[in-house]
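**Q** Please see the structure below; I have some questions.
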Amino acid sequence: MPEHLDEMARRVLLTLWNKGPAMPVELAAQCYSFPDEVAPTLKSLEQAGLVEVQPVTRSGVGGSLVYLSDQGRHLVKVNLLASSSTTSPSSGSGGTS
């Protein structure tokens, strides 16, 4: 688990927690960023074991879908939601399924 998560990594993890699995381009849009800016963060999060990236094919078009791993869900629940709830009392429902 990384010692320090930058702002982009926090936004990606919280977006996956709140919205569920997403394609990298969807994550970029949700984070108000460009796919090329999110790609290094996704690679770092995947290497740290916080997200899983799985290839998908829809109508012959390939891409990938990003999921929170068990470790990523734990990190968000224990660290990120606790810190965001102190700054924002109206935080999301918490990605429970």
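Bear in mind these aren't lab numbers, they're just calculated from the coordinates by the rules spelled out. Just so you know, these numbers come straight off a predicted model, no measurement behind them. Cβ placement follows ideal geometry from the backbone for every residue including glycine, while neighbour counts extend to all protein chains displayed.
**Q** Taking 0.36 nm per residue of sequence separation and subtracting the Cα-Cα distance, how much length would be gained by fully extending the chain between A39 and K19, in nm to one decimal? Intermediate values should be presented prior to the final figure.
**A** Numbers: separation 20, 0.36 × 20 = 7.20 nm, distance 1.84 nm.
So the chain would gain 5.4 nm between A39 and K19.
**Q** Between S69 and residues 5 or more places away or on another chain, which pairs have amide H atoms under 5 Å apart, with H built 1.01 Å from N, and which residues are they?
**A** V51, E52
**Q** Further, regarding this structure: Give the peptides 74-81, 58-65 in descending order of average Cβ contacts within 10 Å, highest first. Each step should come with its number before you reach the end.
**A** Numbers: 74-81: 16.5, 58-65: 9.1.
Output ranking for 74-81, 58-65: 74-81, 58-65.
**Q** Restricting attention to region 1-68, which GluC sites (Glu not before Pro) occupy a DSSP loop and are surrounded by at most 12 other Cβ atoms within 10 Å? Walk me through the intermediate numbers first.
**A** Values: sites: E3, E7, E26, E37, E46, E52; in loops: E3.
Of the GluC sites (Glu not before Pro), the ones in loops of region 1-68 whose Cβ has at most 12 other Cβ atoms within 10 Å are E3.
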